[in-house]
Amino acid sequence: MPLASTCLPLPFELERIISEIAARSHRPNIVNLVLVARMFQEWIEPILYERIILPSVLEGKRLLRTLNDTTRRDRARYIKALYIVPPSKKIFYSSHPRSPKHLIRHCRYLENFSYGSLRDDLRPSMLPIFEQHRLRRASLDIDEFFVNGSRVGNDFFHAQQSLTHLDIRSMEAEHALRTMTMGLDFSLLQHLTHLRFRFVDLFAVDDPESLEGLPMPILYACAGLQLLLLDPCDFETSLYEFTMVTPFDPRLVFLIDDSDPILDWEAPIQGQRDVWMRGEEHVRVQRANQSYSLLVTKQPR
């Protein structure tokens with residue numbers, strides 16, 4: 001005769017809390033937890049889908065099929081953060097008609113989006129897609145902002161008043177000058193606190209003095225800006241010359257970033273520091289020393 005169990009059933013809410021803690025603490029095994037029971041699936045799916053990393057834009061079709069599943073059409077509302085790994089040019093041009101637009105339209109509650117689009121002149125900017133979204137963080141290539149002058153970029157800024165962190169990639173020296181002269185108006189982002197420019201060749205200009213005071217208009221225009229990261233790509237003596245012609249502002253941080261972008265993106269949910277957090281620490285160091293110094297980042301630790 002089997003022994004009678006003396007264990008009392010756990011309260012429903014306590015079971016749920018325990019399962020959610022297990023899911024967040026062991027994300028690599030989160031799919032296994034979903035399969036334990038239907039009750040677990042309902043509890044853990046919001047955690048499973050809240051942050052999605054797609055190895056390529058082609059993987060978006062598979063995710064779309066999941067989101068269009070007639071048995072669970074509510075999954076899309078769980079997606080808060082979406083990272084699409086930037087494609088190589090070869091992959092991009094071979095799959096030109098495909099883009100994450102349909103996927104983005106499904107993810108109406110998206111708050112954090114990262115995508116290196118390698119946009120060409122034949123494809124319009126994807127920024128108008130976000131008109132109905134309320135992004136808090138975004139990482140996009142500079143070309144998305146300069147279709148038809150700067151109108152698309154400024155329209156995006158008007159629509160994204162909730163944006164606090166903006167990472168603009170693949171910038172060239174001409175983009176730096178054009179951003180200032182053509183008027184990407186960062187003051188439209190009233191809640192922007194963190195801004196990053198990733199350059200391909202910031203110092204590829206004949207006269208470094210042409211870049212004199214380049215970041216200062218943005219720092220002046222954005223009263224709430226706490227950190228402006230400049231990732232110039234090419235340093236050596238050019239960085240020294242650049243700092244010599246740039247007025248000191250501790251919020252301006254020059255960066256060499258050797259961290260893995262995906263690991264860095266996931267660092268906060270793992271209890272680790274990402275590039276933004278390290279930049280904040282560096283601002284405090286520069287403010288204490290009253291001088292610029294180089295920030296070098298490695299893998300999140």
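The values are calculated or read from the model by the stated rules, or taken from the named source; none is laboratory data. In this text the structure is predicted, and so the values were computed from the model without any measurement. Please note: Cβ atoms are built from the backbone with ideal geometry, for glycine as well, and neighbour counts cover all protein chains shown.
Restricting to the range 15-37, name every residue that is among the hydroxyl-bearing types (Ser, Thr, Tyr) and either loosely packed, with under 12 Cβ neighbours inside 10 Å or in contact (Cβ under 8 Å) with a residue 60 or more places away in the chain (or both). Across the range 15-37, the qualifying residue is only SER25.
For the range 179-186, the condition of being in a helix (DSSP H, G or I) and either at pLDDT 85 or above or closer than 17 Å to ALA138 by Cβ (or both) holds for at least one residue. Selection of the range 188-237 for residues being at pLDDT below 80 and in a strand (DSSP E or B) yields VAL200, ASP201. Restricting attention to the range 125-168 and to residues that are farther than 26 Å from PRO261 by Cα and part of a loop (DSSP other than H, G, I, E, B), the residue that is modelled with the highest pLDDT turns out to be VAL147. Restricting attention to the range 10-41, the residues that are under 26 Å from PRO268 (Cα atoms), part of a helix (DSSP H, G or I) and of a type outside the set (Asp, Glu) total 20. The set of residues in the range 262-292 that are free of Cβ contacts under 8 Å to residues at least 24 places away in the same chain and crowded, with 19+ Cβ neighbours inside 10 Å contains only ARG278.
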